[in-house]
Each structure stands twice: as structure tokens, then as C-alpha cells.
Amino acid sequence: MQYWIPKALTVGVILGLSGCSVFVNDAHNERNYRVNDAVKAPVQLEQPYQDPTYKMDVATFKNDPEAKSFRPPQQVLTLAAGSWVEENETVARVYFDKNDGIDDLNQFIFQAIDSVMLNNKTAISRDKLTEGSVDTDWYSLIQPVDGWFWEDKKLVSEQRIKFVIEQKEHQRTASLKAELIDYRSDSQPLSELLQQQLEVRALNEVIAEFDYLYRLLQVELRKQQGVLSLNLGFDDKGNGALITEQSNEAVIDRFTGFLERINFTVIKIDRESGLVSVRYEKPDDSVWDSIWGDDVLLLPLSSGDYTIRVAKTKETTTSLTWRDAAGDVLDSEVMAQLQQSLLLVLREKGLTI
């Protein structure tokens, strides 16, 4: 029992000190003071002496503080990778860094804006696109609250937003600013606070869409890894082969693992000679696979044993020459179909070689 008292006191002190951090040091703000008229003595009495040093002018200040917690950038949500805001920002603005895979940062931001407007079933004016800004048509940032099914949904308000993009000279960073240019509502008058909230909400929608589009781009980039280096060509003996820019050691390690995922069985690997012996079992393309979404990829090969010779070429690339069980090199037409099938697997499954 004697141990919980110091702990409770410690926790209480910590909570008390942390609670102080949420209050601003604003004790001497003018709104906290009110100067009234001096005391007036009755007519039959003499007015008391007042030292001019301490005399204050009569004044009344507005006691309603500004709602600072609703001002940007407190509500600007930097959800997207590489997005950030500056401190003490007075407008709805966010900064984007040029992430890996983005070729044109400005166009990627415009794509996010266009996608948001498409989701809101409205359009944007591209007249000033070259100048770095677009104006939206009317759309609603505040959705109506669901009511009874026989009640008609009425929009609270509609807005038109101007998005301005400013790119840094190094073109690795760009800022996006949202400005309210028009507003209409039958029930909700526009105030300064509401304007800031609408601008921040419009900006957050674009930030969220930017994040979504970049995630899709990352998926596509992962799917394309290892695909660009797998081409058709010839080995040093003139046989048709698959050509990759990776080393033969890496190909033996990674390509054999890739083959095992598409119904190949690796029988033997001879690293000295670069020969890889595999066995292919053609899968059954049944109706149930298509029903359950398990589409089977059929390679242009017959079931049986194959030998893949991995060797360096004169062009410092690596060739993969395929031979069947009889030792014959696969013809160019089969190799072309095999390459396309392998590329399809890499793209769909996001595999790498």
C-alpha cells in the first residue's frame, strides 16, 4: 500500500504539467481587460484625486477569442508520401516532394485534382493549366445528412475552388494551394472560418487522391521490376534465347526460383556449366479454376523435361537457351510465345527475376 502513493503523486504531477501545455500564455491579451468610467462622486462631494500616471482611457475589447484550432495548417492532413506543410502557414497549402516513379510532379498533382472532380461529378477549367492553376465547377464539399427515405436530400452549400500549383526551381518540390472563389447556399452564410474549413477540406481531398494514385503507381512499379531486362535475342552460337542484363549467377539463383512458381520443377543445377534441368507439368485449365478466379497460365510448352543453358554473351549480357528433352533448341516462334507468357506472369503477380 505504501508504494502506490508516490506513484500516484508522480502520475498526477506529470498529467498536471502536460495539461498546462494545452493552454496558451495569453493572460495579458487585451481581451482580458475592460476599462470603465472612473467613479463619479455625488454632486455635493469633491471628486477624489486621480494620479495622471495611472489614468486609463475608457475602452471595451472584444472578449471572443479567435478559433485558432480551426485555422490551417492544423487540419491539413499530410497523408501522401512526401507531403508536408510549413509552420505558421496562413492559407490552405501543402507541399509535395517528387517521389520515386513520378516523372512530372505537376501533371501528377493535376491528375489527382482531375480524379477528385470526377468523383464529385464535376469538371475543371483548363484555361490556365499552363500557368499552374485550374478552376473547378460547382460541387459540394459538405454532403447532406441522411434522413428518411421519403425525404429529399438537400445540399448544404456548393463551392467553386481554385487550385494553384507552384513548383520550385529544382522541380523536386511543388506546392498546392486551394482558394475559394465562389460560394452559394440557402441556409449557411459564408464566414471567414467556414471559408478556411472549405479550402482545407478541398485540399485534403486532393491529398488523399494523390496518396491513392501514388500507391497504384507503386504497385505497377513493383509489377514491372525485372521485366525490362527479359528480351528476345541470340546466344553466342546464334541460337534463339532469352536475354537479360543481369549476371548469370543472379539468373541461376532468381530465375530458377521464379520457374518453380509456374509449374516447373528444378531437377538439377550445374553452376560450372551453367546448365539448369527442369521439368514442366502443364496444368489443367478447368472450369472450376475460372469460377474461383484461379486462372491458370498455360505456357506454349508440352509437359516434359527441358534444359536451360545460362551463359554470358559477348555484349556482357546473359543468355538463356532452352532445349527440349531431345536436345533440340526451341524454335523462334515458341521462344517468342514463351517470353510473352513469362512477362505476363511477372506483371500480373508482381514477381521479380
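Hey, can you tell me all the residues within the stretch 310-332 that are among the polar types (S, T, N, Q) and either more than 21 Å from PHE264 (Cβ to Cβ) or in contact with an Asp or Glu (Cβ under 6 Å, 6 or more places away or on another chain) (or both)?
THR313, THR316, THR317, SER319, THR321, SER332
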(Q) Looking at ILE252, ILE161 in this structure, which one is outside any loop (DSSP other than H, G, I, E, B) and over 22 Å from LYS121 (Cα atoms)? (A) ILE252
Q) Within the bounds of the stretch 209-227, is there any residue that is over 30 Å from ASP114 (Cα atoms) and surrounded by 14 or more Cβ atoms within 10 Å (Cβ to Cβ)? A) yes
**Q.** Those residues of the stretch 184-212 which are of a type in the set (A, V, I, L, M, F, W, C) and in contact (Cβ under 8 Å) with a residue 40 or more places away in the chain, in sequence order
**A.** LEU193, LEU198, VAL200, ALA202, LEU203, VAL206, ILE207, ALA208, PHE210
Q: Output the residues belonging to the stretch 49-79 that are assigned to a loop (DSSP other than H, G, I, E, B), surrounded by fewer than 10 Cβ atoms within 10 Å (Cβ to Cβ) and at pLDDT 80 or above.
A: TYR49, ASP51
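So that you can scan it fast, the table gives a plain yes or no per residue for (1) assigned to a loop (DSSP other than H, G, I, E, B); (2) modelled with pLDDT of 80 or more; (3) surrounded by 13 or more Cβ atoms within 10 Å (Cβ to Cβ):
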| position | (1), (2), (3) |
| --- | --- |
| VAL39 | yes, no, no |
| ALA81 | yes, yes, yes |
| GLU86 | yes, yes, no |
| GLU89 | yes, yes, yes |
| ASP100 | yes, yes, no |
| PHE108 | no, yes, yes |
| ASP127 | yes, no, no |
Q | Counted residues, the stretch 303-325 - those being part of a loop (DSSP other than H, G, I, E, B), under 45 Å from the mean Cα position of the chain (by Cα) and surrounded by 15 or more Cβ atoms within 10 Å (Cβ to Cβ) | A | 2
Q. Just a yes or no: is a residue in the stretch 257-268 over 41 Å from the mean Cα position of the chain (by Cα) and not hydroxyl-bearing (Ser, Thr, Tyr)?
A. yes
Q. Could you say whether any residue in the stretch 290-299 is surrounded by 12 or more Cβ atoms within 10 Å (Cβ to Cβ) and either of a type in the set (Asp, Glu) or at pLDDT 90 or above (or both)?
A. no
Q: Return the total of residues in the stretch 214-243 being basic (Lys, Arg) and either closer than 13 Å to SER332 by Cβ or at pLDDT below 75 (or both).
A: 2
Q) Can you name the residue in the stretch 77-114 that is out of contact with any helix residue (DSSP H, G or I) (no Cβ under 8 Å at 6 or more places or on another chain) and aromatic (Phe, Trp, Tyr) and, of all such residues, is farthest from LYS128 (Cα to Cα)? A) TRP84
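Considering only residues that are of a type in the set (Asp, Glu), assigned to a helix (DSSP H, G or I) and surrounded by 14 or more Cβ atoms within 10 Å (Cβ to Cβ), which ones fall in the stretch 168-199?
First pass over the stretch 168-199, keeping only residues of a type in the set (Asp, Glu): 169, 179, 182, 186, 192, 199.
After this cut, where a residue has to be assigned to a helix (DSSP H, G or I) as well, the list is 192, 199.
Of everything in the stretch 168-199, just one residue is of a type in the set (Asp, Glu), assigned to a helix (DSSP H, G or I) and surrounded by 14 or more Cβ atoms within 10 Å (Cβ to Cβ), namely GLU199.
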Q) Does the stretch 132-151 contain at least one residue that is touching a strand residue (DSSP E or B) at 6+ places or on another chain (Cβ under 9 Å), under 30 Å from THR256 (Cα atoms) and modelled with pLDDT under 90? A) no
Q) Are any of the residues in the stretch 227-239 among the polar types (S, T, N, Q), out of contact with any strand residue (DSSP E or B) (no Cβ under 8 Å at 6 or more places or on another chain) and not in a helix (DSSP H, G or I)? A) no
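The values are calculated or read from the model by the stated rules, or taken from the named source; none is laboratory data. Everything numeric in this text was worked out from a predicted model, so none of it was measured. Backbone-built Cβ (ideal geometry, glycine too); neighbour counts: all protein chains shown.
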